[in-house]
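To keep things clear, I will list the structure first and then write my remarks on it.
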Amino acid sequence: MSKKIGFIGLGTMGGPMSQNLMKAGHSLTVYDINGEALESAIASGAIAVSSPKEVSQGVDILICMLPASQHVISAAYGENGFLAGLKKGTVVIDMSTIDPGTTRSVYAHVKEAGCEMLDAPVSGSSAGAISGTLTIMVGGDKAIFDEQNEILSAMGTNIIHCGAIGMGETVKLANNLVAAVSMAAVSEAFALAQAKGADAQVLFDVISKSSGNCWALQTRCPAPGVVPDSPSTNDYAPGFMTKLMQKDLGLALTAANEANVPLYMGALVRELYATTSNMGYSDSDFSAISKLYG
């Protein structure tokens, strides 16, 4: 059944996600600060408006896909924020990766407006957003999750209910912690082995069939040419930018501090991604961490 959907955030991830919703037959009203992104959405049949408030007016579902907590806060609050335009009964789905505390704060205001909310961050990078094969980690009421599964399925193939509101964000941060540390480990392994004369293709073939095999190796091999669609082979064109991984690690460290859980590797690897950003790779794929090793 076709739904009226508002969509805020048409960037690397949000752009193709919104396209997939339109391909599934839903009508979209969209907002983004980037004029080119709006033009692309309009060309595909979306209606563009000039504020988050206008996006939320009269829609059944409002989706946000924004880079960080401060962007969600800016989009939600104020006289032109989406909270000001919500009609009673609208379901807000925030698919941004932000801190769980901000999620719960926005949720409280959404409930006050007589609406429902899910937090639904994603994994799968831009390739998954384009193909509609994202993994979507969802927090919120199970009944609302079940009702919105069809909408989420237009953007992803693995839709997982993780618990109460904020749990989608919590699980996503844990996932990205693993991805970040794994990418650093793969980069170090290749730097060591190649410095000692190992052939990159042989190294990949061995590790990919051994205990060191992992997602970072399979999708982001740091040796150019070994994996054809690896960012290292394509000038580190981003699937997921270094600055966003750095941001997510900061969120994980904040959450860990609140829970009194030490993140020894998380703290170290965040500094490595910060250094990578400072080297000029903030907008490159996060696998550019391999540049730290020469």
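Overview of results
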read-out: Accessible area (Å², per residue) of the stretch 237-294, counting only protein heavy atoms and a probe of 1.4 Å; value: 50 Å²
read-out: Cα gyration tensor category, rounded, prolate or oblate, for the stretch 1-94 with a/c compared to 1.5; value: oblate
read-out: Student exercise, the stretch 156-294 dipole from Lys, Arg, Asp, Glu Cβ charges, in Debye to nearest 20; value: 120 debye
read-out: Spacing of the two label points (7 Å from each Cα toward its C-beta) at ASN80 and ALA267, in nm; value: 4.2 nm
read-out: Anisotropy class of the stretch 38-81 from Cα gyration tensor, a/c 1.5 cut; value: prolate
read-out: Extreme residue, positive dipole direction of the chain, given options THR103, LEU21, VAL72 (C-beta unit charges); value: THR103
read-out: When each of LYS87/LYS247; LYS209/LYS291; LYS142/LYS172; LYS87/LYS142; LYS23/LYS53; LYS3/LYS243 is checked by Cα-Cα distance, pairs over 28 Å; value: LYS87/LYS247; LYS3/LYS243
read-out: Projected label distance in nm at THR254 and SER153, using a 7 Å step from Cα toward the beta-carbon; value: 3.5 nm
read-out: The chain - charge dipole about Cα centre, Lys and Arg +1 at Cβ, Asp and Glu -1, debye rounded to 20; value: 180 debye
read-out: Leading residue at positive end of dipole, the chain (Cβ point charges), from SER210, ALA84, CYS221; value: SER210
read-out: Distance (nanometres) between label positions extended 7 Å along Cα→Cβ at THR275 and THR135; value: 2.8 nm
read-out: Nearest-20 debye value, the stretch 79-150 charge dipole, Cβ charges on Lys, Arg, Asp, Glu; value: 60 debye
read-out: Residue-count net charge about LYS87 - beta-carbon cut-off 15 Å; Lys, Arg +1, Asp, Glu -1; value: +1
read-out: With DNA, RNA and ligands ignored, accessible area of TYR31 (1.4 Å probe; Å², nearest 10); value: 50 Å²
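The values are calculated or read from the model by the stated rules, or taken from the named source; none is laboratory data. Here the structure is a predicted model, which means the values were calculated and not measured. Here Cβ is always computed from backbone atoms with ideal geometry, including for glycine, and neighbour counts include all displayed protein chains. Areas reflect the complete protein model, heavy atoms only, side chains present, ligands, DNA and RNA absent. Shrake-Rupley method; radii C 1.70, N 1.55, O 1.52, S 1.80 Å.
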